[in-house]
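The values are calculated or read from the model by the stated rules, or taken from the named source; none is laboratory data. Keep in mind that this is a model prediction, so the values were computed, not measured. Backbone-built Cβ (ideal geometry, glycine too); neighbour counts: all protein chains shown. Keep in mind that these areas ignore ligands, DNA and RNA; they rest on the heavy atoms of the full protein, side chains included. Shrake-Rupley method; radii C 1.70, N 1.55, O 1.52, S 1.80 Å.
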Amino acid sequence: MVSGGLACPGDQPRSYTDTWGAPRSGGRAHMGVDILAPVGTPQRAYENGAITRMDSNSLGGISLYLRGDSGNLYYYTHLSGYVNGLSIGQRVTAGQHIAFTGDTGNAAGIPHLHWEVRPGGGAAVNPYPYAHTACG
């Protein structure tokens, strides 16, 4: 559901809390919000924008970056895969199905979306207020 040009990044069933700054392995601090959902749950574009990167790494697993028309960069990771046909440079609309929840990278056994917000493409900020605005 899109409201005010924004859509919750994760479909129901989902749960999430504000875990910004929580300790993580290797002395890291959590830089996102984890939206827990079963493997395969649709992930959606938070706002209108373009896919700027699709890759995989050992920490995040399968990942995707969305540059919103606002200039904000959104990082989706621990995905199980992308929607068929999705490609770098593709324009997407708020609420469009772009990927699927997974447990790739260091999230084995805990399926969820790790979602970050980077205003203007800069440093990550607490995404909980952004998620709460769109997801309730």
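Contact map, the range 12-28: first residue of a type in the set (D, E), second residue surrounded by 10 or more Cβ atoms within 10 Å (Cβ to Cβ) and at pLDDT 90 or above, Cβ cut-off under 6 Å, separation 6 or more or different chains; pairs are D18/Y128.
Go through the residues of the range 118-132 one by one and say whether even a single one is in contact with a His (Cβ under 9 Å, 6 or more places away or on another chain) and among the aliphatic types (A, V, I, L, M).
Taking the range 118-132 and keeping what is in contact with a His (Cβ under 9 Å, 6 or more places away or on another chain), we get none.
No, the range 118-132 contains no residue that is in contact with a His (Cβ under 9 Å, 6 or more places away or on another chain) and among the aliphatic types (A, V, I, L, M).
Listed conditions (1) open to solvent by 30 Å² or more (accessible area, probe 1.4 Å); (2) farther than 14 Å from Y130 by Cβ are all met by D18, apart from (2). Can we say R28 is farther than 15 Å from P127 by Cβ, touching a strand residue (DSSP E or B) at 6+ places or on another chain (Cβ under 7 Å) and either loosely packed, with under 12 Cβ neighbours inside 10 Å or among the hydroxyl-bearing types (S, T, Y) (or both)? Considered against the rule, which asks whether it is farther than 15 Å from P127 by Cβ, touching a strand residue (DSSP E or B) at 6+ places or on another chain (Cβ under 7 Å) and either loosely packed, with under 12 Cβ neighbours inside 10 Å or among the hydroxyl-bearing types (S, T, Y) (or both), R28 comes out as no.
The criterion of being touching a strand residue (DSSP E or B) at 6+ places or on another chain (Cβ under 8 Å), of a type in the set (S, T, Y) and free of Cβ contacts under 8 Å to residues at least 60 places away in the same chain does not hold for S58.
I'm trying to understand the selection: among the residues of the range 42-80, which are aliphatic (A, V, I, L, M) and out of contact with any Gly (no Cβ under 9 Å at 6 or more places or on another chain)?
Applying the first criterion (aliphatic (A, V, I, L, M)) to the range 42-80 yields 45, 50-51, 54, 59, 62, 64, 66, 73, 79.
Passing the criteria: M54, L64.
Elements of the type strands (runs of 3 or more DSSP E) sitting completely within the range 44-136 and holding at least 1 residues that are open to solvent by less than 10 Å² (accessible area, probe 1.4 Å) and over 16 Å from M31 (Cα atoms): these cover 49-57, 61-68, 73-82, 97-101.
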